[in-house]
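Each remark here refers to the structure printed beneath this line.
The values are calculated or read from the model by the stated rules, or taken from the named source; none is laboratory data. Bear in mind the structure is a predicted one, so any value in this text is a computation, not a measurement. Cβ: placed from backbone, ideal geometry, glycine included. Neighbour counts: every protein chain shown.
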Amino acid sequence: MCQSCNDTFQTLTRDGESRRNFLRSGAALAAAPLAASVATQAAAQEAGASLEASEVQAWAAFDTDGSFAPHTIPRRAAGPKDVVVEIMYSSICHSDIHTYKGDWGMPQFPLVPGHEMVGRVVGIGAEVTKFREGDIAGVGTMVDSCGTCANCLADREQNCLNGTTFTYNSEDKISGGVTYGGYSKKIVVKEDFALRIPPGVDLAGFAPLLCAGITTFSPINHWDLQPGQRYGVIGMGGLGHLAVKLAAAKGAEVVVFTTSEDKIADAKAFGAAEAYLWSDEAAMRSQMGSFDLMLSTVPVAYPMQQFLNLLKLDKTLVNVGALFPIEGAHGMMMGFGRQSLAGSMTGGIAETQRVIDFAAHHGVAATYEMITPEQIGEACEKVVNKQARYRYVIDMTQA
């Protein structure tokens, strides 16, 4: 039979259906269970593969000059309580820069920084209950702690008495060696140290909440900032701009003190009621004794008494920025005003989840500029030179 006859001549079934199509559909139905079985097996193999140990593309600093370059790092096999997160966005924190520059002690090179990351869960251990594959998760400043000491039991894993495992440049107590951070394509982490990211938020804008957000939110909680109270934010960079947004969402009367004139308008756009330059002596005098709480986000040491003077009696200035010896706090003046100078850093997992949920509820996210991994070194220098507006977020999907 010629091809044209074969195309036009068809034997019909009793119901008038083309016999050829009927046979084809029957074959398809017969093959369906087999196809489903093959698909299930393929999915299982793929899921299993996502839990295996792997070599992962990362970007590492190789010296204190911040010479970043592609580098391959190992990620451990996922255990029964681990989640595997494919990192989508990772932001640059000033802590990353302090670390590779050796400001807090010489790091172990190659160093893969990054403790503000958001990504998609692509694998879960058999005992994981907090996440499903496809969920969005965040990883912040730490990835492990003992879980049994007094501080861990008080939801302060960052102060673990037996040693917190920080997200990078920390002793890796599971795999050995050191931990590697979020300037990479994937991370494997215990589900207890992964944060749930609500649907519908700006994922890149939420990455900075994993460090900058919780670092500035924790003092609001601990010192119980109330709506209507005057809250001073000193310095408005990556930390400070989130301090403004979060406190304004809390209902506080926020006042910003900055050395950058072009940030005054930004401060008010972020929710500040007032904003002043440090160099404005008349403005500084007008604020004397008027604040219920102040937060210093400046990443270097500076004379602090000028701001302690602005506190009301018995109030507190909390330093979260300068992790160096404090300068210029005068004992007699502090005593006269019975002022407190306190320190704070990051927060526990429960409190970090709280700031994520608070930010989602109030529509708060970081203001950021998206970069590619190849721009990390340049972006770090801009952070040092106070050129960032206000967080650099690395698009790891472009890696």
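Summary table
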item: For I326: the one exception among (1) of a type in the set (A, V, I, L, M); (2) in the same structural domain as I220 (by TED's automatic domain parsing); (3) modelled with pLDDT of 95 or more; result: (3)
item: Qualifying residues in segment 160-188 (those that are surrounded by fewer than 22 Cβ atoms within 10 Å (Cβ to Cβ) and among the aliphatic types (A, V, I, L, M)) - the one nearest to G238 (Cα to Cα); result: V178
item: Some residue of segment 157-164 being out of contact with any helix residue (DSSP H, G or I) (no Cβ under 8 Å at 6 or more places or on another chain), over 18 Å from Q57 (Cα atoms) and of a type in the set (S, T, Y); result: no
item: Single match in A69, A30 (criterion: more than 18 Å from I187 (Cβ to Cβ), at pLDDT 95 or above and either out of contact with any Ser or Thr (no Cβ under 9 Å at 6 or more places or on another chain) or in a strand (DSSP E or B) (or both)); result: A69
item: Single unsatisfied condition, R156 versus (1) over 21 Å from W104 (Cβ atoms); (2) touching a residue at least 24 places away in the same chain (Cβ under 8 Å); result: (1)
item: Single residue of A267, A272 found to be part of a loop (DSSP other than H, G, I, E, B), closer than 21 Å to T215 by Cβ and without any contact (Cβ under 8 Å) to a residue 60 or more places away in the chain; result: A272
item: Residue check, G347 of a type in the set (G, A, S) and either part of a loop (DSSP other than H, G, I, E, B) or modelled with pLDDT of 95 or more (or both); result: yes
item: Count of residues meeting criterion [in a helix (DSSP H, G or I) and in contact (Cβ under 8 Å) with a residue 40 or more places away in the chain] in segment 358-399; result: 14
item: Pair list, Cβ < 6 Å and 6+ apart or interchain, from segment 212-235 residues that are under 24 Å from D96 (Cβ atoms) to residues that are at pLDDT below 95; result: none
item: Residue within segment 217-224 that is buried (at least 24 other Cβ atoms within 10 Å of the Cβ) and in a helix (DSSP H, G or I) present; result: yes
item: Residue within segment 346-357 that is without any contact (Cβ under 8 Å) to a residue 12 or more places away in the chain and under 30 Å from I326 (Cα atoms) present; result: no
item: Pick from segment 318-338, criterion of a type in the set (A, V, I, L, M) and touching a Gly at 6+ places or on another chain (Cβ under 8 Å), ranking: surrounded by the fewest Cβ atoms within 10 Å (Cβ to Cβ); result: V318
item: Criterion violated by H361 - all others in (1) outside the structural domain of F68 (by TED's automatic domain parsing); (2) out of contact with any helix residue (DSSP H, G or I) (no Cβ under 7 Å at 6 or more places or on another chain) satisfied; result: (1)
item: Which numbered condition L277 fails, given (1) in contact with a Phe, Trp or Tyr (Cβ under 6 Å, 6 or more places away or on another chain); (2) of a type in the set (A, V, I, L, M, F, W, C); (3) at pLDDT 95 or above; (4) outside the structural domain of V384 (by TED's automatic domain parsing); result: (1)
item: Which numbered condition T64 fails, given (1) among the β-branched types (V, I, T); (2) crowded, with 22+ Cβ neighbours inside 10 Å; (3) assigned to a loop (DSSP other than H, G, I, E, B); result: (2)
item: Selection from segment 280-302 of residues that are surrounded by 15 or more Cβ atoms within 10 Å (Cβ to Cβ) and either without any contact (Cβ under 8 Å) to a residue 24 or more places away in the chain or not assigned by TED's automatic domain parsing to the domain that holds I220 (or both); result: A283
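Per-residue answers, yes or no, for (1) of a type in the set (A, V, I, L, M, F, W, C); (2) in a loop (DSSP other than H, G, I, E, B); (3) farther than 21 Å from I214 by Cβ:
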| residue | (1), (2), (3) |
| --- | --- |
| S279 | no, yes, yes |
| A282 | yes, no, yes |
| G289 | no, yes, yes |
| P299 | no, yes, no |
| F307 | yes, no, yes |
| K312 | no, no, yes |
| K315 | no, no, yes |
| V318 | yes, no, no |
